[in-house]
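Every number here is computed from the coordinates shown, using simple stated rules; none is lab data. Computed from a prediction, not measured in an experiment: that's the story for all the values here. Neighbour counts are summed over all protein chains in view; Cβ atoms, including those assigned to glycine, are modelled from backbone coordinates with ideal geometry.
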Amino acid sequence: MMPIAGYFVPGNLGIRGDSQLPEKLYAPMTNEDLRELEHIDPFRAWRSEKKFVKDHCS
């Protein structure tokens, strides 16, 4: 990758702004991640939200 006029420019992921990123771009959520979220916001039920808890959480 080479800078253009001394600046790096954003790449193109081939997706539109209103579409979702492919799931493979996200790192799997771990129990350690959930504990950190619970520490940041203890009043939110993080473990009840499907987008934060997957079957493979370890």
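Details
- Potential lengthening of the chain between residue 27 and residue 7 amounts to 4.4 nm, from the contour at 0.36 nm per residue minus the alpha-carbon distance.
- Across the stretch 28-36, rounded Karplus estimates of 3J(HN,Hα) from the backbone phi angles (6.51 cos²θ - 1.76 cosθ + 1.60, θ = phi - 60°) give x, 7, 10, 4, 4, 4, 5, 4, 5 Hz, Gly and Pro being marked x.
- Extended-chain gain in nm, criterion 0.36 nm per residue less alpha-carbon gap, residue 38 and residue 53: 4.1 nm
- Charge tally for residue 39 (other residues, Cβ to Cβ under 13 Å; Lys, Arg +1; Asp, Glu -1): -3.
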